[in-house]
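S.K.: A single structure is presented below for examination.
The values are calculated or read from the model by the stated rules, or taken from the named source; none is laboratory data. What you see is a predicted model; the values in this text were computed from it and never measured. For neighbour counting, all protein chains shown are included, and Cβ atoms are generated from backbone atoms with ideal geometry for every residue, glycine included. We work out accessible area using only protein heavy atoms, side chains counted, and drop any ligands, DNA or RNA first. Shrake-Rupley method; radii C 1.70, N 1.55, O 1.52, S 1.80 Å.
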Amino acid sequence: MPKRAKKNEEAVDGETGNGTAPAKKEKKGKEPEAPILYEDPPDKMTSKDDRAANMKITSWNVDGLRAWVKKNGLDWVRTEDPDVLCLQETKCAEKALPSAITEMPEYPHKYWAGSEDKEGYSGVAMLCKTEPLSVTYGIGKEEHDKEGRVITAEFPSFFLVTAYVPNASRGLVRLDYRKTWDVDFQAYLSSLDQRKPLVLCGDLNVAHQEIDLKNPKGNRKNAGFTPEEREGFTQLLEAGFTDSFRELYPEQANAYTFWTYMMNCRSKNVGWRLDYFVLSAALLPGLCDSKIRNTAMGSDHCPITLYLAV
């Protein structure tokens, strides 16, 4: 993330993408509009079929693990207390991980994936209270797996996949690659789903519908809101998966998980919903709640939390 954006340039997500169109100049004498904020409602702890939540998963794009630890991100995690913590954009080689997280006793089972080619780029992690049955890295294709974007853990009744989906980047220079990723990643998820239902969580680097970002009109040609990326997510849903937040809150506007550091976007709630919990159809009856913890600071993304009865 560059510290400053040049005049008239789009501000971007950590991999250089997700633009925010420049705000129009206010007319003299006009009072600025008060921001419309999202308030995370009370947690729902039972599913539609009256089962109590017994699995809590949190996902957070930390935009650099070492900086996030220094910003007391782990204090928030200890308060939230999920069963599994998934992190994206760790930007940290395993040898350089802070001891504050590697020695965290609450999560004895920790798994890390990083970029093979570029240190300090991409990267995901999964921290579990209970040991998974098995853990795998990547999706089985070298062109994707060298960037350290996916960890999959198998639990008794479901797979958990955490992903940091490639950004199409400024100027859409990686859009063709992103389209290839979307096809290959969907095939990977569908193959898992044939064996056992799954939860996919992470920064999926797409705002699916206009309701999922503040300024849709100004971002149609920017990474994260191109027709191609949106169609890729539509295809995933049509393959039998469900966006858990929209399942529960279909009309909820102003609910975002990413805000560029530029132009005070977070305080104005000029954001994007890029972080998701996506569920197999078989898990939907056990869906209790899908939360956006937008008051948690420490990154340009906020954490999200899933409550599930499994």
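S.K.: Add +1 for every Lys or Arg and -1 for every Asp or Glu among the other residues with Cβ under 11 Å from the Cβ of Ala282, and state the total.
M.R.: Result for the neighbourhood of Ala282: 0.
S.K.: Still on this model: For the stretch 100-188, just say rounded, prolate or oblate: build the C-alpha gyration tensor, square-root its eigenvalues into a ≥ b ≥ c, call rounded for a/c under 1.5, and beyond that prolate if a/b exceeds b/c, oblate if not.
M.R.: In terms of gyration-tensor shape, oblate.
S.K.: Could you report the stretch 125-283's accessible area per residue, 1.4 Å probe, as an integer in Å²?
M.R.: 38 Å²
S.K.: Could you check the spin-label model distance between Glu142 and Glu39? Points 7 Å from the Cα along Cα→Cβ, value in nm.
M.R.: So the label points at Glu142 and Glu39 sit 5.5 nm apart.
S.K.: A further question follows. Keeping the other protein chains in place, figure out the carbon and sulfur percent of the accessible area of the chain, with a 1.4 Å probe.
M.R.: Heavy-atom surface of the chain belonging to carbon and sulfur, 1.4 Å probe: 50 percent.
S.K.: Let me ask something additional. What does the net charge come to around Leu133 if you take all other residues with beta carbon closer than 13 Å to its beta carbon, with K and R at +1 and D and E at -1?
M.R.: Local net charge: 0.
S.K.: Roughly how many whole Å is it from the C-alpha centroid of the stretch 272-305 to that of the stretch 165-209?
M.R.: A separation of 16 Å, based on Cα centres.
S.K.: Using 23 Å as the Cα-Cα cut-off, could you pick out the over-long pairs in Lys70/Lys91; Lys44/Lys214; Lys48/Lys214; Lys95/Lys179?
M.R.: Too far apart for the 23 Å limit: Lys44/Lys214; Lys48/Lys214; Lys95/Lys179.
S.K.: Another question, then. Note down the net charge around Val84, summing +1 for each Lys or Arg and -1 for each Asp or Glu among other residues with Cβ under 14 Å from its Cβ.
M.R.: Overall, the nearby charge balance is -3.
S.K.: Is the shape of the stretch 166-310 rounded, prolate or oblate, going by the alpha carbon gyration tensor and its root eigenvalues a ≥ b ≥ c, with a/c under 1.5 for rounded and a/b larger than b/c for prolate?
M.R.: Verdict is oblate for the stretch 166-310.
S.K.: A further question follows. Test of understanding: in a Gaussian network model of the chain with alpha carbons linked when under 10 Å, which of Gly218, Gly232, Gly148 would top the mean-square fluctuation ranking?
M.R.: Result: Gly218 has the largest fluctuation of those listed.
S.K.: For the stretch 200-301, which trypsin sites (Lys or Arg not before Pro) pass both filters: DSSP loop (anything but H, G, I, E, B) and at most 16 other C-beta atoms within 10 Å?
M.R.: Here the sparse-neighbourhood loop sites are Arg220, Lys221, Arg293.
S.K.: Which residues does a label at Ala100 reach in the stretch 54-84, if reach means a backbone N under 18 Å from a point 7 Å past the Cα toward the Cβ?
M.R.: It comes to 60-82, nothing else.
S.K.: Amide H of His109: which non-local residues (sequence gap of 5 or more, or other chain) have their own amide H closer than 5 Å, using H built in the peptide plane?
M.R.: Those lying under 5 Å, H to H, from His109 are Cys128.
S.K.: Taking the Cα atoms of the chain, report the difference between the largest and smallest coordinate on each principal axis, in whole Å and largest first.
M.R.: 61, 46, 37
S.K.: Okay, next question. Order these peptides, 54-61, 280-287, 156-163, 248-255, by their mean beta-carbon neighbour count within 10 angstrom, highest first.
M.R.: 54-61, 156-163, 280-287, 248-255
S.K.: With unit charges on the beta carbons (Lys and Arg positive, Asp and Glu negative) and the dipole taken about the Cα centre of the stretch 221-310, which residue among Phe225, Phe277, Ser267 sits farthest to the positive side?
M.R.: Ser267
S.K.: Subtracting the Cα-Cα distance from 0.36 nm times the residue separation, let me have the gained length for Tyr249 to Ser157 in nm, one decimal.
M.R.: Gain on extension, Tyr249 to Ser157, equals 30.6 nm.
S.K.: Among the trypsin sites (Lys or Arg not before Pro) within the stretch 158-205, which fall in a DSSP loop and have no more than 13 other Cβ atoms within 10 Å of their own Cβ?
M.R.: Qualifying residues, ordered by number: Arg195.
S.K.: Could you pull out the GluC sites (Glu not before Pro) across the stretch 53-140 that fall in loop regions by DSSP (anything but H, G, I, E, B) with no more than 15 other Cβ atoms inside 10 Å?
M.R.: Here the sparse-neighbourhood loop sites are Glu103, Glu106, Glu116, Glu119.
S.K.: For the stretch 208-287, what class follows from the C-alpha gyration tensor (a ≥ b ≥ c being the square roots of its eigenvalues): rounded when a/c is under 1.5, otherwise prolate if a/b is larger than b/c, else oblate?
M.R.: Oblate.
S.K.: I'd like the distance between the alpha-carbon centres of the stretch 218-237 and the stretch 81-129, rounded to an integer number of Å.
M.R.: Cα centroid to Cα centroid, the span is 29 Å.
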